[in-house]
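Take a look at the structure below.
The values are calculated or read from the model by the stated rules, or taken from the named source; none is laboratory data. Since the model is a prediction, treat every value here as computed from it, not as a measurement. Glycine gets a Cβ as well: all are built from the backbone with ideal geometry, and neighbour counts include every protein chain shown. We work out accessible area using only protein heavy atoms, side chains counted, and drop any ligands, DNA or RNA first. Shrake-Rupley method; radii C 1.70, N 1.55, O 1.52, S 1.80 Å.
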Amino acid sequence: LPACACGISSGINAEYGGLIKLLDLPRPYFRSLRDIAFSIDEDYDEVRRAVLALVRWRKALIVYPIVSTNEYMVSHAVPISKYPEHDEVFRENFPGFNFYEELSKFSVRKSLSEILDCFKDKETIQSYKMIVVWLLRRKLLVQLFAHVYIKPAHDSNLDTTSSISCVSIAETGDYRDLNLSQGNKQEPPLTPDSPTKTGSYPSLTRGSNINDQTRTKNFRQFLSPSQFRRLKDLQEVDGIMLTNFAKVLPHAHAGRTFEEILWRTNLQQQDLHDIIYRSFNEFLVTVRHPTSLY
């Protein structure tokens, strides 16, 4: 959470009991919600509600764990005219680094590992991770996530590329994820950030099991007639894989991220990866662009 998470009216403290304690933490701070809850001796759900309130009021933002596979790009949220102000603060916090030079490294989509590979010692690598956090907190950088979409059908009235390309160009200006003609072969790392050490996501009742009737309903609702016919021709796909594909379709229709689909469907990471990039890659495509809670 950024240092700007303050200045909230005291009138809302009756509803969000942990808010004052949250704002009283030494700033700047960068901790997980569970660490914050432990630090202020408050219930986790209460802290979560408080944080979501801050995010909703645009008084805070959530920075996801900094790992080498994360991809970032320069954000358009901050006008260039504000850069000199940030440059001055940046030089005070990170002597030896140049604000404009570091920001320019993300002028095109780039993973953190592409930059960190240039550094040899662990101390410099850790410092650079803090630079990334600093840039994210000030909305100078934006993180890109793999959003899953259903490919437009060739028998629909829509152009087969426009719905995907509009999303990609508008959000990132990057065409590299558009591989509709040859299937979606650009596979993401098999280690997306997860809230547990094992890489699994919390178990949920919703989406964990669906019956044959719901499966068929999802196929007919979210696939075109030609896609539905093609699906029936896939001899190598078993019933379990079809059921898992049916679970994914409503979320792909909504353009949710890879990680959120894992969480909502309770699928295993490898299973979802196989659905998107192998078994059903002619139906699904991923586009990397920013995401936001609000």
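Of the residues examined, residue 68 is not one that is at pLDDT 90 or above and closer than 23 Å to residue 289 by Cα.
A count restricted to region 36-57 and to residues that are free of Cβ contacts under 8 Å to residues at least 40 places away in the same chain, under 25 Å from residue 135 (Cα atoms) and open to solvent by 80 Å² or more (accessible area, probe 1.4 Å) stands at 1. Might you check whether a residue that is modelled with pLDDT of 90 or more, part of a loop (DSSP other than H, G, I, E, B) and among the aliphatic types (A, V, I, L, M) occurs anywhere in region 249-263? Yes; the residues of region 249-263 include at least one that is modelled with pLDDT of 90 or more, part of a loop (DSSP other than H, G, I, E, B) and among the aliphatic types (A, V, I, L, M). Answer yes or no: is there a residue in region 124-146 that is β-branched (Val, Ile, Thr), in a strand (DSSP E or B) and in contact with a helix residue (DSSP H, G or I) (Cβ under 9 Å, 6 or more places away or on another chain). Yes, region 124-146 contains at least one residue that is β-branched (Val, Ile, Thr), in a strand (DSSP E or B) and in contact with a helix residue (DSSP H, G or I) (Cβ under 9 Å, 6 or more places away or on another chain). Within region 27-42, the residues that satisfy the criterion of being closer than 21 Å to residue 66 by Cβ, at pLDDT 65 or above and part of a loop (DSSP other than H, G, I, E, B) are 30, 31, 32. Applying the condition of being basic (Lys, Arg) and exposed (fewer than 13 other Cβ atoms within 10 Å of the Cβ) to region 105-134 and asking which residue is nearest to the chain's Cα centre (by Cα) yields 122. Only residues that are over 20 Å from residue 220 (Cα atoms), open to solvent by 30 Å² or more (accessible area, probe 1.4 Å) and out of contact with any helix residue (DSSP H, G or I) (no Cβ under 8 Å at 6 or more places or on another chain) were counted in region 237-266, giving 3.
The condition of being open to solvent by less than 60 Å² (accessible area, probe 1.4 Å), among the small types (Gly, Ala, Ser) and either within 26 Å of residue 60 (Cβ to Cβ) or modelled with pLDDT of 90 or more (or both) does not hold for residue 208. The set of residues in region 217-227 that are part of a helix (DSSP H, G or I) and open to solvent by less than 30 Å² (accessible area, probe 1.4 Å) comprises 218, 219, 227.
None of 214, 243 is assigned to a helix (DSSP H, G or I) and either modelled with pLDDT under 90 or in contact with a strand residue (DSSP E or B) (Cβ under 9 Å, 6 or more places away or on another chain) (or both) except 214.
For residue 89, state whether it is open to solvent by less than 80 Å² (accessible area, probe 1.4 Å) and at pLDDT below 90. When the stated conditions are applied, residue 89 does not pass them.
Against the definition (within 30 Å of residue 220 (Cα to Cα) and without any contact (Cβ under 8 Å) to a residue 60 or more places away in the chain), how does residue 152 come out, yes or no? The answer is yes for residue 152.
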